[in-house]
Amino acid sequence: APAPPPAQHLFSDPAEIEALRGTLLAWYDKGKRDLPWRTLAATETDADRRAYAVWVSEVMLQQTQVATVIDYYNRWMQKWPTLQALAQASLEEVNELWAGLGYYSRGKRLQEAARKVVSELAGQMPRTAEDLQKLLPGVGRYTAGAIASISYGQATGVVDGNVIRVLCRLRCIGADASSPAVIDRLWDMANSLVDRSRPGDFNQALMELGATVCVPKAPLCGECPVKQHCRAWRRKLFGKPAPVPDVEDCGVGGCPLCPPATEPWDSSLGVTNFPRKAAKKQPRAARTATCVLERRGCHGAPEYLIVQRPSSGLLAGLWEFPSLPLAQGLQEEKQREVLADHLRAWTGRPVAAGGLRFIGEVVHIFSHIHQTYVVYSLTLAGDVTLDPALSPSRWVTEEEFHASAVSTAMKKV
Ligand code: SF4
């Protein structure tokens with residue numbers, strides 16, 4: 001078994017834990033942000049309905065800001081107010097509503113899991129974090145803990161980006177906060193800190209603190225409700241590690257939770273010395289040729305061809321202008337030729353590479369790809385019939401395009 005972490009990185013005093021719980025909950029009760037899923041979780045008497053609302057909001061909030069999520073959440077709950085309603089939706093409808101929120105597999109997996117609850121679990125949500133994680137596809141440890149604590153009152157902690165930051169600062173944890181060893185310690189800490197009688201509120205309070213006070217770049221330590229428990233804050237004030245009574249200092253080197261000896265405490269950074277992350281991997285660069293193909297529709301209004309992406313992989317099942325990944329270093333003339341060939345396959349008629357009009361380039365950053373779209377346009381004369389044997393494709397007006405399940409990158413194009 002791994003050695004227990006040095007005590008100065010732990011909460012070991014029961015009186016301090018009690019005090020921290022009370023202070024944090026009082027602060028949360030007084031000033032928490034009014035968010036639609038919180039209102040529903042506080043007023044809904046049916047635990048499964050609460051769980052569904054928390055689940056939807058938590059999935060949307062992964063990787064997306066609260067301000068953006070609110071509108072999507074409200075529209076989602078209006079359209080599919082229950083798990084049973086969501087289970088009956090089509091993936092196309094889910095993608096249409098999700099369009100613009102990014103990380104599209106989240107919506108797809110949410111719907112798959114809803115179907116599983118209805119068809120395999122007799123419509124009953126699993127009620128513990130362990131079962132939620134085990135039985136529902138796409139529900140990870142964090143989402144399971146959030147649903148179980150907020151909706152079913154299970155005394156289980158949660159660890160997300162906000163909690164990582166707050167706990168690392170509270171206990172001066174400066175080792176790489178994305179490493180499994182540190183993450184495991186933080187889960188242990190979150191599970192031991194969580195308030196036994198109000199676990200959901202406590203977890204939300206800890207996350208709220210990270211989102212509004214203990215923010216990444218300029219934390220508002222002066223108005224932080226738990227600063228008296230914060231060792232990073234004390235270290236900033238006193239310029240050296242806080243003395244912990246009856247506890248041996250970590251000393252230099254060898255401590256699995258201290259900053260590495262090569263990157264010691266930097267006094268100009270203050271509390272933002274914590275947490276520490278390993279350098280981020282650079283996104284890989286990719287180029288894609290895309291063509292906005294236009295025709296005159298039956299009422300004379302312009303229409304555009306959109307085609308559906310494969311059902312797995314990046315932007316699975318979403319619609320886009322006909323697009324083609326480009327090999328590195330391809331000359332412009334060659335780009336036009338391969339794109340013209342690609343368009344020929346979609347339209348079933350020859351397309352002259354010289355007729356493609358270069359419009360410009362659009363850059364879109366996905367989490368791991370720096371994507372450049374090389375955009376061309378082409379207006380086709382006469383009636384253009386699509387081959388139904390090919391992957392799904394359709395002509396849409398500009399308005400229909402915006403209502404379709406298209407990614408933000410395609411909207412930029
Ligand atoms: Fe975060 Fe500052 Fe509060 Fe410590 S005192 S928890 S660093 S805001």
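Working only within region 74-115, note down all residues that are farther than 21 Å from Pro137 by Cβ and within 16 Å of the chain's Cα centre (by Cα).
Residues satisfying the conditions are Ala99, Gly100.
Can you spot a residue in region 180-187 that is at pLDDT below 95, more than 24 Å from Leu132 (Cβ to Cβ) and not in a helix (DSSP H, G or I)?
Scanning region 180-187 turns up no residue that is at pLDDT below 95, more than 24 Å from Leu132 (Cβ to Cβ) and not in a helix (DSSP H, G or I).
Tell me which residues, restricted to region 210-224, are under 20 Å from Gln65 (Cα atoms) and more than 7 Å from the ligand (Cβ to nearest atom).
The answer is Gly210, Ala211, Thr212, Val215, Pro216, Lys217, Ala218.
With out of contact with any Leu (no Cβ under 6 Å at 6 or more places or on another chain), of a type outside the set (S, T, N, Q) and surrounded by fewer than 17 Cβ atoms within 10 Å (Cβ to Cβ) as the only criterion, which of Ala177, Ala218, Ala190 stands out?
Going through Ala177, Ala218, Ala190 in turn, the sole match is Ala218.
Taking region 162-179 as the search range and keeping residues that are part of a helix (DSSP H, G or I) and over 22 Å from the mean Cα position of the chain (by Cα), which one is nearest to Thr262 (Cα to Cα)?
Among those that are part of a helix (DSSP H, G or I) and over 22 Å from the mean Cα position of the chain (by Cα), it is Arg169.
Could you identify the single residue in Leu206, Leu193 that is closer than 12 Å to Val159 by Cα and more than 12 Å from the ligand (Cβ to nearest atom)?
When all the criteria are applied, what remains is Leu193.
Would you check if Gln124 is surrounded by fewer than 23 Cβ atoms within 10 Å (Cβ to Cβ) and within 30 Å of Pro256 (Cα to Cα)?
For Gln124, the condition - surrounded by fewer than 23 Cβ atoms within 10 Å (Cβ to Cβ) and within 30 Å of Pro256 (Cα to Cα) - is not met.
Give Ala301, Ala261, Ala279, Ala285 a once-over and let me know the one that is out of contact with any Cys (no Cβ under 9 Å at 6 or more places or on another chain), at pLDDT 90 or above and of a type outside the set (Val, Ile, Thr).
Matching residue, one of Ala301, Ala261, Ala279, Ala285: Ala285.
Within region 348-362, does at least one residue satisfy the condition of being touching a residue at least 60 places away in the same chain (Cβ under 8 Å) and open to solvent by 40 Å² or more (accessible area, probe 1.4 Å)?
yes
So for region 98-109 (the condition being hydrophobic (A, V, I, L, M, F, W, C) and surrounded by fewer than 16 Cβ atoms within 10 Å (Cβ to Cβ)), does at least one residue qualify?
No, that holds for no residue.
Inspect region 15-25 for any residue being in the same structural domain as Val194 (by the TED database), among the basic types (Lys, Arg) and loosely packed, with under 14 Cβ neighbours inside 10 Å and give the result as yes or no.
No, region 15-25 contains no residue that is in the same structural domain as Val194 (by the TED database), among the basic types (Lys, Arg) and loosely packed, with under 14 Cβ neighbours inside 10 Å.
For region 288-341, how many residues are in contact (Cβ under 8 Å) with a residue 60 or more places away in the chain, buried (at least 17 other Cβ atoms within 10 Å of the Cβ) and not in a loop (DSSP other than H, G, I, E, B)?
Final tally of qualifying residues: 15.
The values are calculated or read from the model by the stated rules, or taken from the named source; none is laboratory data. For clarity, every value in this text was computed on a predicted model and none was experimentally measured. Virtual Cβ from ideal backbone geometry, glycine too; neighbours counted across all protein chains shown. For accessibility, only protein heavy atoms count, side chains too; no ligands or nucleic acids. Shrake-Rupley method; radii C 1.70, N 1.55, O 1.52, S 1.80 Å.
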